[in-house]
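Visitor: My questions all concern the structure below.
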Amino acid sequence: MMERNMTRDDLIHSLDVLPFSRLVWNSEAARTKWEPVIGAVASLHDRAEYEMVRLGKRKCGTLHLAPHNFHVLIERLKKDGMVWLPIQWSKNYSGFAHYHLPTTVGDPNSSCYGVMARNLEDAEAFRTASAYNGRNAGKVDHEVIGELLGFPPCCAKFFVEEWGNGFFDPVWQSAVRGNGVMVGDRTLEVEGNVFTNQMLRYFGFRITSHFPCSLNCEATKEVGEVWLDVMKKMDADLADLLVEILEMPLIWSCLHGIAIVETPIFTIITNSLPTKESWTVMYNAPGKPKASAELIPLGSDVDYDKLTEAMVEQLQWRR
Ligand SMILES: [Zn+2]
């Protein structure tokens, strides 16, 4: 029986890697084609989140106001008849954080996390559920938050459970509940789709804003169609490029708090679960080239015996 269930014992509980994310181009050709547009594609989801709230397709959204952009955002919110309430200041970071990084008053390298909505009632409900400033202390109500953000109930329930088990980045957990096939110890090959693929979100590439309960969750596809429609109306070309990125085969691999996500054009390195061993998801989109054919799993082309030999030789020489 191949190992497939990640348990709390598979994590190193004393290890916490600070948020970071890097994107490395795999070739000069890929960089030339994609670099001019990649930033705009990566920010499409966040811009669409604003539109989703403005258009009444979800009640609330999250929005960071920072010293450099608050005047622009406040004006836009005001003109669109929307409200924004602050929840918490935190230090700026790239990548994703599963908690807010502490900051000090007046720190220019910080931003204020908050909630946007079309009315104060929804915004207040979200803020209360977020356990803001000790109200409702320590009891974040993820289910209320999920409902206000328009997450499917099946996925909200899944996320609350996995979060509670310490899996704050439940990529493996959502992949293993799909139609995946184990192809090795802690290695899963699975078919998903652009709406359930959250494995590139570390850099902003996502259509939906929630973790799916499985890579073939039907409710997520329904929500995803609404998002994609909004994105296409905002910028059809960018939406097409985002779909193209989310349909690429990829290999997500996690070890010791670092996840590496390989695609045919770039590789993302980011913080994730502090696993003791390496856990790997090979993702394929329907009708697209397979990860197993297009990509070489990181490290699989390394001859470790030869590497050790070379190391020993070098060390002897240094002596
Ligand atoms: Zn679901």
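Computed from the coordinates by the stated procedures, all read-outs in this text should not be read as laboratory data. Predicted model only: the values in this text are computed from it and were never measured. All Cβ positions, glycine included, derive from the backbone under ideal geometry; neighbour counts span all protein chains shown.
Visitor: Compute the length gained on full extension between A40 and T128: take 0.36 nm times their separation in residues and subtract their Cα-Cα distance, giving the result in nm to one decimal.
Guide: Here the answer is 28.4 nm.
Visitor: Within a 10 angstrom radius of the beta carbon, how do F70, F126 rank from fewest other beta carbons to most?
Guide: Least to most surrounded, the residues fall as F70, F126.
Visitor: Hey, another quick one. May I ask which residue of I87, I251, P152 lies farthest towards the positive end of the charge dipole of the chain, with charges of +1 (Lys, Arg) and -1 (Asp, Glu) on Cβ and the Cα centre as origin?
Guide: I87
Visitor: For the chain, modelled as a Gaussian network with Cα springs under 10 Å, which listed residue fluctuates most, A219, A123, A259?
Guide: A219
Visitor: Once amide H atoms are built 1.01 Å from N in the peptide plane, which residues 5 or more positions from V183, or in another chain, come under 5 Å H to H?
Guide: It is L188, E189, by chain and number.
Visitor: Of K221/K288; K157/K232; K59/K157; K59/K91, which ones are farther than 21 Å apart at the Cα?
Guide: The answer is K157/K232; K59/K91.
Visitor: With an 8 Å Cα cut-off and a minimum separation of 6 or more residues, compute the relative contact order for the range 152-214 in percent.
Guide: That works out to 37 percent.
Visitor: Still on this model: Against the longest principal axis of the chain, how steep is helix 153-164, in degrees 0 to 90 to the nearest 10, with axes from Cα atoms?
Guide: Long axis of 153-164 versus the principal axis of the chain: about 60 degrees.
Visitor: Between E3 and D229, what is the label-point separation in nm under the 7 Å Cα-to-beta-carbon projection?
Guide: Roughly 4.5 nm, to one decimal.
Visitor: How many nm is it between the label spots at K33 and D237, if each spot is 7 Å from the Cα in line with the beta carbon?
Guide: Each label point lies 7 Å from its Cα, and together they span 1.7 nm.
Visitor: What order do you get for 44-56, 271-283 when each peptide is scored by the mean count of other beta carbon atoms within 10 Å, highest first?
Guide: By packing density, highest mean first, the sequence is 271-283, 44-56.
Visitor: Under a straight-distance cross-link criterion of Cα-Cα below 16 Å, which aspartates and glutamates are reachable from K79, leaving out those fewer than 8 residues away in the same chain?
Guide: E51
Visitor: If you don't mind, another one. How high is the relative contact order of the chain? Use alpha-carbon pairs under 8 Å, at least six apart in sequence, and give a whole percent.
Guide: It rounds to 22 percent for the chain.
Visitor: Most mobile of K59, K232, K79 per a Gaussian network model of the chain (Cα springs, under 10 Å)?
Guide: K79
Visitor: Taking R0 as 41 Å, what's the FRET efficiency between L315 and H256 from their Cβ-Cβ distance, rounded to 0.05?
Guide: Efficiency, rounded to the nearest 0.05: 0.95.
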